[in-house]
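The values are calculated or read from the model by the stated rules, or taken from the named source; none is laboratory data. Since the model is a prediction, treat every value here as computed from it, not as a measurement. A quick note on method: Cβ atoms are made from the backbone with ideal geometry, for glycine too, and the neighbour counts reach across all protein chains shown. The area values use the complete protein model at the heavy-atom level, side chains included, leaving out ligands, DNA and RNA. Shrake-Rupley method; radii C 1.70, N 1.55, O 1.52, S 1.80 Å.
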Amino acid sequence: MAPDHLLRRVARPLAGALAVVGVAVLLHLDVPRPAGSAAGARLGSSPPVRPAKGPCVLRADRLVLRGARFRGVVSVRTGAGTVRALKFTVRSLDAVNLDLTAGRGRAAMRLRARPATTATLKGPGAGGVATLYVRRLTGRITGLGGGPLPADRTVTVTVDAVPHWLSHPPAPARTRTITLAGATASQVTQFGGRLSIKGPELRTTARGPHRA
């Protein structure tokens, strides 16, 4: 199990209270309030955000957003000021070979799952949803809930470049499963729900890894 002081250090840049119980990681987070939207993007609605303490980057060999719905580009308050972010709600999220980094330089913390395992984020309660806020999402689209894939499957989604297939899902679909290979979600402001990780490894820049 990773030492308590290391878990406390990683909790702050991850913008939430991080508790490890067995192999489960529980993130408790507030939900941002949108203050505007980019042209062509739909606007979501939510209450105020807890300021982020540093950048957070999620990487996965395969990322599956189940019951996903794109809520538009919103403005959120962070530790670095107000920024625009892509807002998603999902019923659950699966990340194969999860690699999560928070903070910068020697203060950076890195949380990795055991190789060849799937980390799962689930919304709270029965039928609940988790909310994701990201500044940049990249990867190769391999599934859009059975719908047609874009001609260029290698995608980079940012607040200034929201592709049509994301902002205008085919009717009457309100939610769908979005699957990306080699995915990176950069500057994750926060997410809510329960994240379960098998064999988590916590690493700092100054120290070696610590297995839970």
Requested in this report: Search segment 142-160 for residues being open to solvent by less than 50 Å² (accessible area, probe 1.4 Å) and not β-branched (Val, Ile, Thr), and hand back the single one that is farthest from ALA85 (Cα to Cα).
Outcome: GLY147
Query raised in the report: Can THR117 be described as open to solvent by less than 90 Å² (accessible area, probe 1.4 Å), under 24 Å from ARG91 (Cβ atoms), modelled with pLDDT of 95 or more and touching a Ser or Thr at 6+ places or on another chain (Cβ under 8 Å)?
Result: no
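Considering only residues that are polar (S, T, N, Q) and open to solvent by 30 Å² or more (accessible area, probe 1.4 Å), look in segment 167-182 and name the one that is farthest from VAL73 (Cα to Cα).
First, the residues of segment 167-182 that are polar (S, T, N, Q): 167, 175, 177, 179.
Still in the list and also open to solvent by 30 Å² or more (accessible area, probe 1.4 Å): 175, 177.
Numbers: THR175: 17, THR177: 20 Å.
The extreme case among them is THR177.
Yes/no matrix, rows are residues, columns are (1) crowded, with 18+ Cβ neighbours inside 10 Å; (2) modelled with pLDDT of 90 or more:
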position: HIS5; (1), (2): no, no
position: GLY16; (1), (2): yes, no
position: ALA24; (1), (2): no, no
position: VAL49; (1), (2): yes, no
position: ASP61; (1), (2): no, yes
position: PHE70; (1), (2): yes, yes
position: ALA107; (1), (2): no, no
Report summary line: For GLY139, the lone unmet condition from (1) open to solvent by less than 20 Å² (accessible area, probe 1.4 Å); (2) more than 24 Å from ALA161 (Cα to Cα); (3) of a type outside the set (A, V, I, L, M); (4) touching a residue at least 60 places away in the same chain (Cβ under 8 Å) is (2)
Report task. Could you check, for segment 75-85, whether at least one of its residues is in a strand (DSSP E or B), without any contact (Cβ under 8 Å) to a residue 12 or more places away in the chain, surrounded by fewer than 18 Cβ atoms within 10 Å (Cβ to Cβ) and not acidic (Asp, Glu)? Result -> yes
Report task. Within segment 125-149, track down each residue that is in a loop (DSSP other than H, G, I, E, B) and in contact with a strand residue (DSSP E or B) (Cβ under 6 Å, 6 or more places away or on another chain). Result -> VAL129, ARG135, GLY145, LEU149
